[in-house]
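Here, each number is a calculation from the coordinates, and none is a lab measurement. The structure presented is a predicted model; accordingly, all values stated were derived computationally and were not measured. Quick reminder, even Gly has a Cβ in these numbers, built from the backbone with ideal geometry, and neighbours come from all protein chains shown.
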Amino acid sequence: MALLPILTAPDPRLKTISEPVAEVNDEIRKLVDDMFETMYEAPGIGLAAIQVGVQKRLLVVDVIGKNDEENDPDPIALINPEITWVSDDDSVYEEGCLSVPAHYADVVRPAEIKVKYLDRDGKEQELHADGLLATCIQHEIDHLDGILFVDHLSALKRNMILRKLLKLKKQAS
Ligand code: NI
């Protein structure tokens, strides 16, 4: 396995729409494994392929993680995920993103979703998610469509965060 570099905003690649995975083969499985390793190391609870520069509809999530002493990790890889149902009820979580380091903001999303996807073996699966998992999957699917959580905020808040990130990048280069 290998750690992959994570793109940070502003980066034009994060605004692109990812392509469906044509076949779940060994190359995809290696990408999934590397993405899990990268996500746990970061640490984060979700990672979309475009965040490591791969423009494919693939994401990994684990809202429990490896540091929870009471619960086992719950890694889920979702390939070509499609939301098939959302609840009328909303929930609000303070979101962050490995591609938007050190910034957090409340985002409103449907509280529950159903999502169908292919798993690491290429088998069709359907998941009914609520709580943090529902929010996390929606956040990651947004990435596949070139949307960051800051795009759910007011233009004023979004631009403030993006300007700060750009300034950091310029200082680092
Ligand atoms: Ni994110």
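Could you tally the net charge around VAL54, taking each other residue with its Cβ under 14 Å from the Cβ of VAL54, Lys/Arg +1 and Asp/Glu -1? It works out to a net charge of -1.
Using DSSP to call loops (not H, G, I, E or B), can you name the chymotrypsin sites (Phe, Trp or Tyr not before Pro) in the range 69-173 whose Cβ has at most 14 other Cβ atoms within 10 angstrom? Can you show the working numbers first?
On the way: sites: TRP85, TYR93, TYR104, TYR117, PHE149; in loops: TYR104.
Passing both the DSSP loop test and the Cβ count: TYR104.
Counted residue by residue at 0.36 nm each, then reduced by the alpha carbon distance between them, the extension gain from LYS30 to LYS116 reaches 28.8 nm. For a straight C-alpha distance cut-off of 12 angstrom, the aspartates and glutamates reachable from LYS169 (same-chain residues fewer than eight places away being disregarded) are ASP11. In the chain, the sites counted are trypsin sites (Lys or Arg not before Pro) in DSSP loop states with at most 14 other Cβ atoms within 10 Å, and the longest stretch holding none of them, exclusive of the sites, is 1-65. Report the normalised scattering of the range 97-162 as log10 I(q)/I(0) at q = 0.29 Å⁻¹, calculated by the Debye formula with identical scatterers on the alpha carbons. Here log10 of I(q) over I(0) equals -1.33.
Kindly provide the helix-only [θ] at 222 nm of the chain, computed as the sum of -39,500 (n - 2.57) over DSSP H runs of four or more divided by all residues, to the nearest 500 deg cm²/dmol?
On the way: 3 runs with 48 residues, N = 173.
Here the helix-only value at 222 nm equals -9000 deg cm²/dmol.
Quantify how much of the Cα-Cα distance distribution of the chain extends past 19 Å, in percent. Walk me through the numbers on the way to the answer.
Details: 8365 of 14878 pairs.
It works out to 56 percent of all Cα pairs.
Can you tell me which lysines have their Cα less than 25 Å from the Cα of LYS167? Leave out same-chain residues fewer than eight positions away. Filter leaves LYS15, LYS157.
If the cut-off is a Cα-Cα distance under 24 Å, which lysines reach LYS123, setting aside same-chain residues fewer than 8 apart in sequence? Straight-distance partners of LYS123: LYS30, LYS56, LYS114. The GluC sites (Glu not before Pro) of the range 66-155 that DSSP puts in a loop, and whose beta carbon has at most 11 other beta carbons within 10 Å, are GLU69, GLU70. In the neighborhood of TYR104, defined by Cβ-to-Cβ distances under 10 Å, what is the net charge if each Lys or Arg adds +1 and each Asp or Glu adds -1? Value of the local net charge: -3. Annotation: extensible slack from ASP145 through ASP11 equals 46.8 nm (criterion: 0.36 nm per residue apart, minus Cα-Cα distance).
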